Every structure is written in structure tokens, then in C-alpha cells.
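Colleague: One structure coming up, written as C-alpha cells, with questions to follow.
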Amino acid sequence: MRPLRTTRLRRPLTVDTGIALAYLACALLLGQQDTREGYPRLDTSGYALTCVINLALIARRRAPVAVAVGVYGVWTVYTALGYWPAVNSLASLMALYTVAAARPLRIAVAAAVGLGAVWVYAGIVAPDGSVPAAVAMAVVFPAILVRFGQAARQSERRGERLAELTRQLRAERDEKARRAVAEEQARIARELHDVIAHHMSVISVQSGLARYVFHSDPATAQRALGTIADTSSEALEEMRRMLTLLRDSAADPESYAPMPGLGGLAEMAERVRAGGVPVELVVEGEVRPLAPGVELCAYRVAQEALTNVLKHARPAHAEVRLTYRPHSLRVTVTDDGKRVDPARVAEGAGHGLIGMRERAKLYGGAVLTGPRPEGGFEVRLTLPTSAAAGREDAGD
């Protein structure tokens, strides 16, 4: 924070220094003119007082009240010595505006009264001055400066509140996204419990069979041992993924529902049709058994995509295209609903899209989402069918 604070102070200081030097140049040029009102031209004392009055504006942001008091005091001395008051009037006006923009109204009014008093005094001691004119300027100019200064102060305070609200909204958005990820991870973990339980059940049955026929039917025992090896390898892979997911989370001991798979896509499409969205299910490639976790991921992503169609795209037609590739599975869900503005589809926005990405990441896959040029929306999931297959597919 220290470098940031230093930068913030340095820039206004540079601006104020430039303003003070510009005011000083104007005052010095004005002081050399013949006023024809009996005021003498600036001498050494006049130049010195003028420099003090105008250069004091450099510190106006750091100490606005002190600068205003100093400027008024030196300006009074300058006027009492018989110099032309108008030479340093700009500096006094800037000092008052700074107080009005930085301090409450009561302090700004007090500063305006002080400036008005000096102005009236200048009118009284002027050689050929007009007191009524000085009184009028002493009332009008300070009142205008206080009004504009207070308006600038209120505008700055509203900007600060708006910036604070923006920071709070961003923090809440990030927290909601974090909670959404955590909730989705917990749900995935509960579903993966079914996968691990399935593998362990297969291993238990096959190991009992192998032990039973180990001496009487060695071929059957060998096949059972092969099944155990394959199943245990898949179970270890699923367990590795689950532990990766849960390394920073605690398990939530809730009841576990039966795990759906790709075989349930037809029933899900029928339910969506009943909800008013015609759905076409297309299967391409050679259908083959997949790891239960992969099927679960594909099912859930398709389910979420169709749910979004029901919520946001009706009336529309949807298509679920299931493509079995040599080393991966691709699920594409598209709809022909209303055209979506890409600016409204923020990256990572929405709990549904967050859940899709978390599921795909867990199985080494990827999800691409976005509006279609011809209208509607598209969700495309690509999953490797195994760790080794995913590496082979990456090179295809």
C-alpha cells in the first residue's frame, strides 16, 4: 500500500505545483501593469509577498484550511502595504475553493467570510476604490465558490462510495463463485462414491469366484483375475480423482442416489420434450462401454445444458449429439433459440457453467460454451475415455 499511496500523493502534488506556478506567473505579469488607480508597481517586498501567496497553493490539498488562512493573512499584509489587491485575488479564490471541496459546509462558510472580510478591507483602503463594489464581490464570488466546492466534495464522496460498493460486489461475486465450485465438487464427490462402490463390488465377486474355481477351473480363475486387475485399475483412477477433488474439502455424509449414465439420455430427452422443448438425440460412432465416471460427467453436462434451454431459450429446438471417437467422447448440445449477446455471456458466469467446467476438469476434459452465429447457444464437452487414450487423442 505504501508505493500506491506515494503515487497517489505525487500526482496531485505535481498538478498543484503547476497550478501554483501558473498563478504566480499571472500575478507577476499583472503586478507590472500600470493600474491608473494610484497603486504602485511591485517592488522587492511586493514580489516576495506575491510569491508566498501563490506558492502556498502547492500544499492546498494537504492542508486546505491552513493554506487558506495563510493566503488570507499574507494577502491582507500585501493590501495594507498599498499594493494592488487584484494581483493575488486568483490565489485567494483557489484557496477558498479547495476548502469548500475538502471540508464540511460550516468550515467552508467560515473561510468564505474570511475571504469576504479581506476583500471589503481592500475596498476600504483602496485609493479610489468603491466599497459597495468590494462588498458585492465579497458576497457573490465566495458564495459561488462555496457552492461549487461543496458540489465537488459530494461528487467525490459519491464516487468513493460507488468504488467501495464495486469492491464489495466483486468480493461477493468471487465468494459466490467459490461456493458454487465447492458445492459442485461436493456433489461430484457424492456421485463418485457410487463409482467406487461399483468397482469394489465387482472386485469382491470376481475374487470370490477366482478363489472358488482356482484349482478346478484355472481358465475361469484367470479370467476373473484379469477382470479384477482391470476393475481395480479403474477404481484406483477414480479414487485418485476423488482425492484430488476432496483434498481441501470434508466429506458430506448424505444419502447417495443411483448414478445415471448415457443410457438415460433418451429418458432425459423425453422429459425435456414434455417440458415444451423438442429434443433430437443423435448418436455417432461406434457405441462402446465407458468408465462410469465418464458417463456420469457426460450425462450431467447434457442435463445442465438442456435445463438452460428450458430456462432461457424457449421457444426453441434442441439437439444432443453424442459422438464416440476413437479415444474420446464428445457431447454437443445446441439450440436454435433467440440470439444471445456475447457481451452478456461472461467467462465463468453462472453456477451451471461453473459446474460443467469442474466436471470436465475432473476427468481431464474441456467444455466450450457460447452463442452461435446463427442464433441460439452451444455447449460442447470433450472427454478422454481413459488417461492413456486422452494422451493419444491430444496428438490427433
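Only the coordinates and a few stated rules stand behind these numbers; no lab work does. Only a predicted model underlies this, so the values are computations on that prediction, with no experimental measurement involved. Virtual Cβ from ideal backbone geometry, glycine too; neighbours counted across all protein chains shown.
Colleague: In whole Hz, with x marking every Gly and Pro, tabulate ³J(HN,Hα) for the stretch 150-159 from phi via Karplus 6.51 cos²θ - 1.76 cosθ + 1.60, θ = phi - 60°.
Modeller: 5, 5, 5, 5, 5, 5, 5, 5, 5, x
Colleague: Report the calculated FRET efficiency for Ser130 and Leu105 (r = Cβ-Cβ distance, R0 = 41 Å), to the nearest 0.05. Could the numbers behind the result be given before it?
Modeller: Values: r = 30 Å, r/R0 = 0.74.
That gives a FRET efficiency of 0.85.
Colleague: Could you give the Stokes-Einstein D for the stretch 2-129 in µm² per second, using the C-alpha Kirkwood radius, 10 °C, 1.306 mPa s? Please report the intermediate quantities before stating the final value.
Modeller: Details: Rh = 15.2 Å.
Answer, rounded: 105 µm²/s.
Colleague: Quick one: what Rg and Dmax do you get for the stretch 54-190 from the alpha carbons, in Å?
Modeller: For the stretch 54-190, the Cα-based Rg and Dmax read 24.8, 94 Å.
Colleague: Name the residues whose placed amide hydrogens come within less than 5 Å of the amide hydrogen of Ser328, ignoring near sequence neighbours (fewer than 5 apart) on the same chain.
Modeller: For Ser328, the qualifying residues are Thr385.
Colleague: Would you calculate the separation in nanometres between label points at Gln32 and Ala163, each defined as 7 Å from the Cα along the Cα-to-beta-carbon direction?
Modeller: Here the modelled spin labels are 4.2 nm apart.
Colleague: Another question about this same structure. At 0.36 nm per residue, minus the direct Cα-Cα distance, what do His312 and Leu21 gain on full extension? Give it in nm, one decimal, please.
Modeller: Details: separation 291, 0.36 × 291 = 104.76 nm, distance 6.13 nm.
Result for the pair: 98.6 nm of gain on full extension.
Colleague: Separate question: Tell me which residues come under 5 Å, amide H to amide H, from Arg61 once H is placed; ignore anything under 5 positions away on its chain.
Modeller: none
Colleague: Okay, next question. Please give the FRET efficiency for Glu270 paired with Arg372, using the beta carbon to beta carbon distance and R0 = 30 Å, rounded to the nearest 0.05. Don't jump to the answer; show the numbers that get you there.
Modeller: Values: r = 25 Å, r/R0 = 0.82.
After rounding to 0.05, the efficiency reads 0.75.
Colleague: Exposure proxy check: Glu175, Glu378 ranked by fewest other beta carbons within 10 Å? Please list the in-between numbers first.
Modeller: Values: Glu175 10, Glu378 15.
In increasing order of surrounding Cβ atoms, one gets Glu175, Glu378.
Colleague: Taking 7 Å along the Cα-to-C-beta vector as the label spot, tell me the Val139-Glu175 distance in nanometres, rounded to one decimal.
Modeller: 5.5 nm
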